[in-house]
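Working notes, beginning with the structure itself.
The values are calculated or read from the model by the stated rules, or taken from the named source; none is laboratory data. In this text the structure is predicted, and so the values were computed from the model without any measurement. For neighbour counting, all protein chains shown are included, and Cβ atoms are generated from backbone atoms with ideal geometry for every residue, glycine included.
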Amino acid sequence: MLFRDRRPSLQGHVAFACLSPRPAGTRAVGFSLAWHAGTVSTKVLLGVSGGIAAYKAAELVRRLREQGAEVRIVMTAAAQSFITPLTLQALSGNEVRTDLLDPGAEAGMDHIELARWADLVLVAPATADLMARLAAGLADDLLTTLVLATTAPIALAPAMNHRMWLHPATQENLARLRGRGVRILGPAEGDQACGERGPGRMLEPSEILDAIALRSGSQLKGRRVIVTAGPTREALDPVRYIGNRSSGRMGYALARSLAARGADLALVSGPSALTPPSGVDLVRVESALEMETAVMERIADCDIFVAAAAVADYRPEEPAQKKIKKSHAELSLRLVKNPDILAQVASLAQRPFTVGFAAETQDLEEQALKKLKTKGLDMIAANLVGGDTGGFERTENALLILWPGGRRSLPLGPKSRLADDLTDLILERYLAHPPSQNP
Ligand code: C5P
């Protein structure tokens, strides 16, 4: 048995397939449709919107089905000018849905049922117009309604003229969608149907398959994951606090990435200006003590705990009840130690797979290894702070990941990519080596 008994029993073929011992030679992590071929029915809801790349949807459906996926298709009105529903119906083996208000179709699987049915919502191609409607949260046709109604991971493969792609309006929509946890696959750069060159070509179906195989799926369906993120604020008086420079980006990116693998995710966040990913349970806290309470209240059924927050090590012993006046030439503050939430979780008798972070200014590997051992962690992600390689308040970072007996360097890159790579590693280690329980 791979997992502890107290874990919730997993429902559905996808999760079951992920629990099965891995056949030799297959990839250790990721939502490999090929790996599950024949043993699993992965339910992909494919949305097709109206761009010339819609013709590639036919090939995409074929490839998805070859790899064992069950595919249901929803087309926008404009998509039907580029490829017929009949073609996609023949290739998918399922009736293609085009209308929200179709009494006949709704009598079968209605749109909410369809939204629930999906393990993954993939929109390919996603036009500029569709992205704008999704970013605005419109539900003016069946596809946009389904995207609003689903709790499944959502991936978009944009396709449009390169000027449309680079237009600030599209880029703003893109940022909003990304911020909500939508995965954006591509676009590629190259010759376009309009005769121009630039970014905006839809990825090839094989590239889309590779991307969804790597980055989304149901491996964590039914698993409870807690991520801490952001800084904490330790009150000095009603208006002042001791804080730090953490933006919360790494923790929020990890929450998005883990939720995209199907986790039931609680994001316990100190003050941050970031938009939380959609579908996660956001628990806002201020101080380390509040963060401790929020985590410990939820830890009983937790399978994976990731401590990405920059928790203040000390807090003022007694915050002043009223604003401190500048009447003295000097002011001494007495600080007391905050509880180490990560170490506390790692030492629980029934502990989750526990991942910590280490932000260091020197001796990165040595310091991180020490923390891995002394705190009893399953994994630690270490990064240098204060240099050129990223860290607080930056969108980029580089990480050194250590676990008992192993290490991996993740080179400087966007925190969103690092989060995906770290999630892959967490999954790999978690599935292969569930945490041993403390005595
Ligand atoms: O020991 P240090 O503070 O460097 O450890 C950093 C790691 O411990 C991070 O994962 C951080 O989220 C966690 N931590 C914690 N509670 C604290 C201090 C740090 O959970 N009070």
For the range 83-129, name all the residues that are without any contact (Cβ under 8 Å) to a residue 12 or more places away in the chain, out of contact with any strand residue (DSSP E or B) (no Cβ under 8 Å at 6 or more places or on another chain) and in a helix (DSSP H, G or I). LEU86, ALA90, PRO103, GLY104, GLU106, ALA107, GLU113
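Go through LEU265, LEU282, LEU236 for me and flag whichever is over 21 Å from ARG178 (Cβ atoms) and more than 15 Å from the ligand (Cβ to nearest atom).
Working: LEU265 fails: over 21 Å from ARG178 (Cβ atoms); LEU282 fails: over 21 Å from ARG178 (Cβ atoms).
Just a single option satisfies the conditions, and that option is LEU236.
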Go through the residues of the range 398-412 one by one and say whether even a single one is closer than 27 Å to PRO276 by Cβ, within 22 Å of the chain's Cα centre (by Cα) and either assigned to a helix (DSSP H, G or I) or touching a residue at least 40 places away in the same chain (Cβ under 8 Å) (or both). no
Helices (runs of 4 or more DSSP H) lying entirely in the range 146-262 (those with 2 or more residues that are at negative phi and in the same structural domain as ALA135 (by TED's automatic domain parsing)): 162-166, 168-179, 205-215
Scope the range 273-284; condition in contact with a helix residue (DSSP H, G or I) (Cβ under 7 Å, 6 or more places away or on another chain) and either more than 23 Å from ALA381 (Cβ to Cβ) or part of a loop (DSSP other than H, G, I, E, B) (or both); matching residues: LEU274, THR275, PRO276, PRO277, GLY279, VAL280
The strands (runs of 3 or more DSSP E) lying entirely within the range 285-353 that contain at least 2 residues which are more than 9 Å from the ligand (Cβ to nearest atom) and surrounded by 15 or more Cβ atoms within 10 Å (Cβ to Cβ) are 304-307, 314-316
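Listed here are the residues, each with its yes/no results for (1) of a type in the set (Ser, Thr, Tyr); (2) more than 12 Å from the ligand (Cβ to nearest atom); (3) crowded, with 23+ Cβ neighbours inside 10 Å; (4) in contact (Cβ under 8 Å) with a residue 40 or more places away in the chain.
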{"residue": "ARG261", "(1), (2), (3), (4)": "no, yes, yes, yes"}
{"residue": "THR275", "(1), (2), (3), (4)": "yes, yes, no, yes"}
{"residue": "ALA359", "(1), (2), (3), (4)": "no, no, no, yes"}
{"residue": "GLN362", "(1), (2), (3), (4)": "no, yes, no, no"}
{"residue": "ALA368", "(1), (2), (3), (4)": "no, no, yes, no"}
{"residue": "LEU372", "(1), (2), (3), (4)": "no, no, no, no"}
Could you tell me whether any residue of the range 108-127 is modelled with pLDDT of 95 or more and out of contact with any Leu (no Cβ under 8 Å at 6 or more places or on another chain)? yes
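GLY376 - would you say it is under 19 Å from PRO434 (Cβ atoms), near the ligand (Cβ under 9 Å from one of its atoms) and in contact (Cβ under 8 Å) with a residue 40 or more places away in the chain? Write out each step before concluding.
Values: under 19 Å from PRO434 (Cβ atoms): yes; near the ligand (Cβ under 9 Å from one of its atoms): no; in contact (Cβ under 8 Å) with a residue 40 or more places away in the chain: yes.
In short, no.
Quick one: would you say GLU366 is assigned by TED's automatic domain parsing to the domain that holds VAL295 and either modelled with pLDDT of 95 or more or on the phi < 0 side of the Ramachandran plot (or both)?
On the way: assigned by TED's automatic domain parsing to the domain that holds VAL295: yes; either modelled with pLDDT of 95 or more or on the phi < 0 side of the Ramachandran plot (or both): yes.
Spelling it out, GLU366 is indeed assigned by TED's automatic domain parsing to the domain that holds VAL295 and either modelled with pLDDT of 95 or more or on the phi < 0 side of the Ramachandran plot (or both).
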Selection from the range 354-367 of residues in a strand (DSSP E or B) and either over 16 Å from LEU399 (Cβ atoms) or out of contact with any strand residue (DSSP E or B) (no Cβ under 7 Å at 6 or more places or on another chain) (or both) yields THR354
